[in-house]
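Taken together, the values in this text are just the output of simple stated rules run on the coordinates, not laboratory data. Just so it is clear, the structure is predicted and the values come from calculations on it, not from any experiment. As a convention, Cβ positions derive from the backbone with ideal geometry for all residues, glycine included, and neighbour counts pool all protein chains shown.
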Amino acid sequence: MLRLISFASCVLFLALCAAAALIHAFVTSRLDHCSSILVGLPMALIARLDRVLHCAARLIGRILKYASVSAYMRDTLQWLPIAQRISYSIAVLVWRCLLGSAPADFLEGSPYKFLNE
């Protein structure tokens, strides 16, 4: 994963929406990719990922190091903490399986297969 420090010099010269797009493309998309495999991970490791997300939000919002970033993440960026992102991705995957719009690998052994036919 690219280091957030390398983004710090670029983000200072960008507008808020451009900085958000850059951070989303390189940081949050990598945190969200296959996040369902992170289920059951110890909270200490999830806290590390949460710190990466908080640092990314600080870069976008130009928030000081010791200031609270949680409200900014929730209200302005509309980002969930990592633990809730993992739960959300699992819930979406289950919902898509029930609707029959999940990838074929998930639907092969589904007990709800009769609903899709």
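Could the peptides 51-64, 33-46, 84-97, 9-22 be put in order, highest first, of the mean number of other beta-carbon atoms found within 10 Å of their residues?
Answer by packing, highest mean first, reads 51-64, 84-97, 9-22, 33-46.
Helix 82-99 versus the longest principal axis of the chain: what angle, 0 to 90°, nearest 10, using Cα atoms?
Between helix and principal axis, roughly 30 degrees.
Can you tell me the FRET efficiency between A25 and A91 if r is taken as the Cβ-Cβ distance and R0 is 25 Å, rounded to the nearest 0.05?
Using R0 = 25 Å, I get an efficiency of 0.50.
If I take R0 = 25 Å and measure r between the Cβ atoms of C34 and I5 in this structure, what FRET efficiency does the formula 1/(1 + (r/R0)^6) give, to the nearest 0.05?
Result of the calculation: an efficiency of 0.50.
Long-range amide H contacts for L14: which residues qualify at under 5 Å (H placed 1.01 Å from N, peptide plane, sequence gap of 5 or more or a different chain)?
none
Taking the Cβ of R58 as the center, what net charge do the other residues with Cβ under 11 Å away carry, scoring Lys and Arg +1 and Asp and Glu -1?
+3
How far apart, in nanometres, would the label points at A67 and A83 be if each is projected 7 angstrom from Cα along the Cα-to-Cβ direction?
Here the answer is 2.6 nm between the modelled labels.
If you wrap the chain's Cα atoms in a convex hull and average its projection over all directions, what's the area in nm²?
Working: hull surface 35.7 nm².
With the hull built on Cα positions only, its mean projection is 8.9 nm².
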